[in-house]
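Read the figures in this text as sums done on the coordinates, not as results from a lab. The structure displayed is predicted, hence computed values, not measured ones. Cβ: placed from backbone, ideal geometry, glycine included. Neighbour counts: every protein chain shown.
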Amino acid sequence: MITEHTKHLVDEALFEHISALRRELHAHPETAMEETWTAKRVRAHLEAQRPDALLTEVGGTGLLARFDGNEEGPTLLFRCELDALPIEEENTFAHRSAIAGRSHKCGHDGHMAILCGLAERLGSQRPERGRVWLLFQPAEENGMGAQAVLEDERVKGMRFDRVFALHNLPGVPKGQVMLRDDTFTAAVNSIVVHFKGRTSHAAEPENGLNPAAAMSALIHRSLALDNNAPTDAHMRVVTPVYARLGSKDYGISAGSAEVHITLRCWNDAELAHLQRCVEDAAREIGAQHGLGVDIGYTQHFHANRNDKQTVDIVRRAVDAVGLTWQEPEHPFKWGEDFGLFTARFPGCMFGLGAGEDTPALHNPDYDFPDDIIPAGIAVFERIIRQAD
Ligand SMILES: [Zn+2]
Ligand SMILES: [Zn+2]
């Protein structure tokens, strides 16, 4: 039975010091590609487990630790994230963020703690067969980290037979696993459109080229493409996130504008199509208004496509440790750069319930619940021992 506490799944002493480590990481949050203190702290913990290899500064600040079995077997990768968010923490508990304007609001501190606990288990009992790599990946929140890791010269030639990752899920009972075949998280990209006109005296806009009308037309046209229907296989979520026109100079008619819109679909092909629709609209509107148009993209996340066999492996592990799993009705609308791993290797990302009363991810009062750490360690360890 799932209770609030899944502590019994690992040794009490391990639980106590891994949750202390989680709170220490929570108090020292660092944002994407700046995770140097975090990497140093994780490195100290990993070194103490005597891995067979330990790579540092992977794709920036990342770490990769390897634990070898005695016999030939599959190479598995387990991934967590190092980065926090530029959000001011509202909590007042003892382990609250010690850094102004930064905090672990996605629970990556908890994901790291789970992998640190797993390292400890593998340090005391090596896998029987194959190899296990534990990846502490930088910069998940801006979608840059997975790519940076995969482009690292030391990682480029590596082949993984299966890759695994989990994300905690507030709103789902603690310890409950959310698992699904195929798409787990959406394909996401953010389009940035610049309209270039010409400034003029604000009293004489007719002497310039003010892109205000083009800007609002683009926002309207883009929103008309949105259906925000997660149960639809052809979901399209179009979210304007930022826009700027001219400057706060009241004597000047605006001469430039930019519009930033985040686009989401359930797969990479549909996202590419949606991108083209918004691009076409931007070019057409720009031409109508005689404006220069510049189009760019940022923060691209591939859809996480779970491999069916790998999902079965996770399902068996969840059953074996006595937890329950459920299939969400539709994939999650957020982007996760683990999608770059599942695009290259058979893999599975799954959700781990963080409690129905836990504040949502990225909320200023969110805190990763320590009592689900054992569930994460137990499922991951079971996957490894199952492969024995
Ligand atoms: Zn996040
Ligand atoms: Zn996250």
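A few notes on this one:
- Fraction of antiparallel bridges per DSSP, the chain only, in percent to nearest 5: 65
- With a Förster radius of 35 Å applied to the beta-carbon distance between ALA94 and HIS8, the computed FRET efficiency rounds to 0.85.
- Cβ-derived FRET efficiency at R0 30 Å, ALA287 paired with GLU204, nearest 0.05: 0.80
- Straight-distance crosslink candidates among aspartates and glutamates, where the alpha carbon sits under 13 Å from LYS174 and sequence neighbours closer than 8 are dropped: GLU4, GLU356, ASP357, ASP370, ASP371
- Within the chain, the longest segment free of exposed loop sites, counting chymotrypsin sites (Phe, Trp or Tyr not before Pro) that fall outside DSSP classes H, G, I, E and B and have at most 12 other Cβ atoms within 10 Å, spans 94-249.
- For the residue pairs LYS40/LYS156; LYS248/LYS333; LYS40/LYS333; LYS7/LYS40, alpha carbon separations beyond 30 Å are given by LYS248/LYS333; LYS40/LYS333.
- Selected from GLN386, PRO374, HIS26, residue furthest toward positive end of dipole (the chain; charges at beta carbon): GLN386
- Each principal axis of the Cα cloud of the stretch 247-349 was taken in turn, and the coordinate range along them, longest first, works out to 70, 28, 23 Å.
- Note on the stretch 43-167: semi-axes of the ellipsoid equivalent to its C-alpha gyration tensor, largest first and rounded to whole Å, are 28, 17, 11.
- Around the amide H of TRP325, modelled in the peptide plane, lie the amide H atoms of VAL177, all under 5 Å away and 5 or more residues distant in sequence or on another chain.
- Cα centre as origin, Lys/Arg/Asp/Glu Cβ charges: the stretch 75-137 dipole, Debye: 380
- The chain - percent relative contact order, Cα under 8 Å, separation 6 or more: 25
- Cα lying deepest toward the dipole's positive end in the stretch 168-207, options SER190, LEU179, ASN207, charges on Cβ: LEU179
- Trypsin sites (Lys or Arg not before Pro) within the stretch 199-281, DSSP loop, no more than 13 other Cβ atoms inside 10 Å: LYS248
- Projected area averaged over orientations for the chain, convex hull of C-alpha atoms, nm²: 20.4
- At most 12 other Cβ within 10 Å, DSSP loop - GluC sites (Glu not before Pro), the stretch 287-375: GLU329, GLU356
- Each residue of the stretch 102-119 was assigned a 3J(HN,Hα) from its phi angle through the Karplus curve 6.51 cos²θ - 1.76 cosθ + 1.60 (θ = phi - 60°); the sequence is 9, 6, 7, 10, 10, x, 5, 4, x, 5, 5, 4, 4, 5, 5, x, 5, 4 Hz, with glycine and proline shown as x.
- Computed over the stretch 38-105: relative contact order in percent, which uses C-alpha pairs under 8 Å that are six or more apart: 22
- Taken about its Cα centre, the stretch 187-301 carries a charge dipole of about 140 debye when Lys and Arg each add +1 at the Cβ and Asp and Glu each add -1 at the Cβ.
- Taking amide hydrogens as placed 1.01 Å from N in the peptide plane, the amide H of VAL293 sits under 5 Å from those of LYS196, each at least 5 positions away in sequence or on another chain.
- Centroid-to-centroid separation of the stretch 66-91 and the stretch 280-346 [C-alpha atoms, Å]: 19
- Sparsely packed trypsin sites (Lys or Arg not before Pro) within the stretch 292-388, loop by DSSP, other Cβ within 10 Å at most 16: LYS333
- The Cα-based radius of gyration of the stretch 187-301, divided by its Kirkwood radius, gives an Rg/Rh of 1.05.
- Taking other Cβ atoms within 10 Å as a rough exposure proxy, THR358, THR342, THR75 sort from fewest to most as THR75, THR358, THR342.
- Evaluated at q = 0.12 Å⁻¹: base-10 log I(q)/I(0), Debye formula over Cα of the stretch 104-256: -0.83
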